[in-house]
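K.L.:
After the structure tokens below, expect a handful of questions from me.
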Amino acid sequence: MIGMSLNGLRTGLSTFGSLQPAAAGNGGLQANNGYMIKRVSSKEKEKRLTHILRFRGRKESGMLILFLIATYASLTGFFTVFYRGASESGGSYFDLSIHNFDSSKITTSVIMCEEENIQSSALVVKAADSLPNLENPCQHFVFPPPPPPGDRRRRIGPRPCPVCYVPVEQAMAIMPRSPSVSPVLKHLTYFHQDHSINEALHGRLNFGGYPSLKQRNDSFNIKESMTVHCGFMKGCRPGSHTGFDINENDIRELQKFHEVIVASAIFGNYDIIQQPKNIGEYSRKNTPFYMFIDETTEEYMKNSSILDSKMRVGLWRIIVVHNIPYADARRNGKVPKLLLHRLFPNIRYSVWIDAKLRLIVDPYQLLERFLWRQNATFAISKHYKRFDVFQEAEANKAARKYDNFSIDYQVEFYKKEGLTPYSEAKLPIISDVPEGCVIIREHIPITNLFTCLWFNEVDRFTSRDQLSFSIVRDKMMAQVNWNINMFMDCERRNFVIQGYHRDLLEQLSPPSPPPATFRMHPPPASNRKTTKNPVKTTPVRRGRGKRSGSKHRRKVVTGNRDSI
């Protein structure tokens, strides 16, 4: 629009400038190389002087109007270029006043915190220069057929499968320049509870609040404007005195604008940090990798000299969390996993990976493959083996992932709400059980609502998020035209390398070698002669039918001495 207005301005200037020769021609002046060739009388001079003065007033008025228009256009272009440049430089240009706590708005024990995600229609989205008329190399890609039965290449168990990714530069060019449309839901706010009243009633602060069953049911009634529980109940500014506390410098870092981030977490020193591979140069410079850890993990990293003075471990920037809300390390990990939109209020896309995984594909390629190419806003892989929540519950009980009573209570509660075993009747839904170690999402109100409600189920019931995924998804899909891209688990294994938790690695590690002073076998016999208590040996007799140690004595033959 700026270019069009400037072109119009140039056209106006050239049109106005063409009036000057015409005005001179009206006065009867003929110029040849700037010299006058015709004289005029004094009366004609006075007459034309009056005409010129009259025209001069009109000219000055027109020039004044033109000057004002040009000034306005210049200022508008200056500020537009200035703010665009600020956004391209990575600076934060969002109004973060919504994060400041305003005590004047507190009228009851429960208030609303304003939405923190990006919804401005004037959002300037930075993307790579568009690449016109580029053919998608994955347009005709199909999965190769599996090896026939009996083939040596065919092996049982989860394994990666081929996935076609476009080049990183092309993926960046395909990136949408504006946020996706959020169906129905346009404005999302969050409950905040007066912690003094909460502690008086329950003896301690609950991070997720205490929503009643009515509030829970109302949260699934999707409307244009909604207020829901979504963690951080103690304050409107996540990370600051909320029970999941982060240093002030880190909070300012998390509030910056980023197109894409990658996030993970280690609590209770439960995993070994994995370094990403095959990350493009642009992502290394502009896509931050954040790892949330607790104080226990921080102490281990410092003692192991893993953490440097800049709080970095390779590509990962370490964010230390204080005053963690839960005693269970796995439940604490669900806070950044499901509530990234609250910790990062000004980002567009996020890729969550569990700490046991190593990312080996550029984030922009993942977004293109699993979101943009599918026209989706939320992507997660399905479980490699199980499709049914009831089977998943039994598997959790068998593996002792949680106590059986809590798992049974959660499943029975969902059965009363209408949860049924998975069957072909649910198609095109291909599974009710996700492999939740990777989540790829766009941060818009509808996806933020989904992860809020999913976290509320994890907070109310067990921390096994695979059990509560489908009930939240189905309730939301019954209200709005929104779906989740559940891709195959073998595709997930294509872009991450699966590892093990620290406890399993310690069990699988070989035993430590014995001390140097301990000998597994006796030393070899010495070749030196000993005089103390020599051992007598009896020669082996080799006579016919004779055995060593036989009781038969040698027969003595008598004769004269000469024969001896």
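The values are calculated or read from the model by the stated rules, or taken from the named source; none is laboratory data. Given the structure is predicted, the values throughout are model-derived calculations rather than measurements. We place every Cβ from the backbone using ideal geometry, glycine too, and count neighbours over all the protein chains shown. All accessible areas refer to the heavy atoms of the entire protein, side chains included, with ligands and DNA or RNA removed. Shrake-Rupley method; radii C 1.70, N 1.55, O 1.52, S 1.80 Å.
K.L.:
Check residue 227: other-chain or 5+ apart residues with amide H under 5 Å from its amide H, H built from backbone geometry?
P.N.:
Answer set, sorted by chain and number: 189.
K.L.:
Skip the ligands, DNA and RNA, and give the accessible area per residue of region 442-491 with a 1.4 Å probe, whole Å².
P.N.:
Ligands and nucleic acids excluded, the figure is 22 Å² per residue.
K.L.:
Taking 0.36 nm per residue of separation and subtracting the Cα-Cα distance, what length does fully extending residue 406 through residue 70 add?
P.N.:
113.8 nm
K.L.:
Oh, and also: So what J values fall out for region 169-177 if you push phi through Karplus, 6.51 cos²θ - 1.76 cosθ + 1.60 with θ = phi - 60°, rounded to Hz, Gly and Pro as x?
P.N.:
Result, ordered by residue: 4, 6, 4, 5, 5, 6, 3, x, 8 Hz.
K.L.:
Follow-up question, since we're still on this one. Give the calculated FRET efficiency between residue 427 and residue 327 to the nearest 0.05, with a Förster radius of 56 Å applied to their Cβ-Cβ distance.
P.N.:
E(calc), rounded to 0.05, equals 0.85.
K.L.:
Cβ neighbours within 10 Å, averaged per peptide: list 318-329, 418-429 in order, most packed at the top.
P.N.:
Ranking, from highest mean packing down: 318-329, 418-429.
K.L.:
Could you work out what % of the accessible surface of region 258-409 is carbon and sulfur, using a 1.4 angstrom probe and leaving DNA, RNA and ligands out of the count?
P.N.:
45
K.L.:
Name the residues whose placed amide hydrogens come within less than 5 Å of the amide hydrogen of residue 381, ignoring near sequence neighbours (fewer than 5 apart) on the same chain.
P.N.:
For residue 381, the qualifying residues are 435, 438, 487.
K.L.:
Using the Karplus curve 6.51 cos²θ - 1.76 cosθ + 1.60 with θ = phi - 60°, what ³J(HN,Hα) values do you get for each residue of region 291-301, in whole Hz, with x for Gly and Pro?
P.N.:
Listing the rounded values in order: 10, 8, 9, 9, 5, 5, 5, 4, 4, 5, 5 Hz.
K.L.:
Over region 316-447, what is the mean sequence separation of C-alpha contacts under 8 Å (at least six apart), divided by residue count, expressed as relative contact order in percent?
P.N.:
The value is 39 percent.
K.L.:
Calculate the spin-label point distance for residue 141 paired with residue 278, positioning each point 7 Å from the Cα along the beta-carbon direction, and give it in nanometres.
P.N.:
1.0
K.L.:
Could I ask something else about it? If 347, 65 are ordered by their accessible area, calculated over protein heavy atoms with a 1.4 Å probe, which sequence runs from highest to lowest?
P.N.:
Largest accessible area first, the residues go 65, 347.
K.L.:
Enumerate the calculated ³J(HN,Hα) couplings along region 226-243 in order (Karplus 6.51 cos²θ - 1.76 cosθ + 1.60, θ = phi - 60°), each rounded to whole Hz, writing x wherever the residue is Gly or Pro.
P.N.:
9, 10, 9, 6, 7, x, 6, 5, 7, x, 7, 10, x, x, 10, 6, 10, x
K.L.:
Next question, about the same structure. Report the full-extension gain for the segment residue 225 to residue 398: residue separation times 0.36 nm, less the Cα-Cα distance, to one decimal in nm.
P.N.:
Roughly 58.0 nm would be gained on extension.
K.L.:
Give me the accessible area per residue for region 183-304, probe 1.4 Å, as a whole number in Å².
P.N.:
Counting only protein heavy atoms, the per-residue value for region 183-304 is 43 Å².
K.L.:
Still on this structure, please answer the following. Probe 1.4 Å, all protein chains in place: accessible area of residue 317 in Å², nearest 10?
P.N.:
Surface open to solvent at residue 317 totals about 60 Å².
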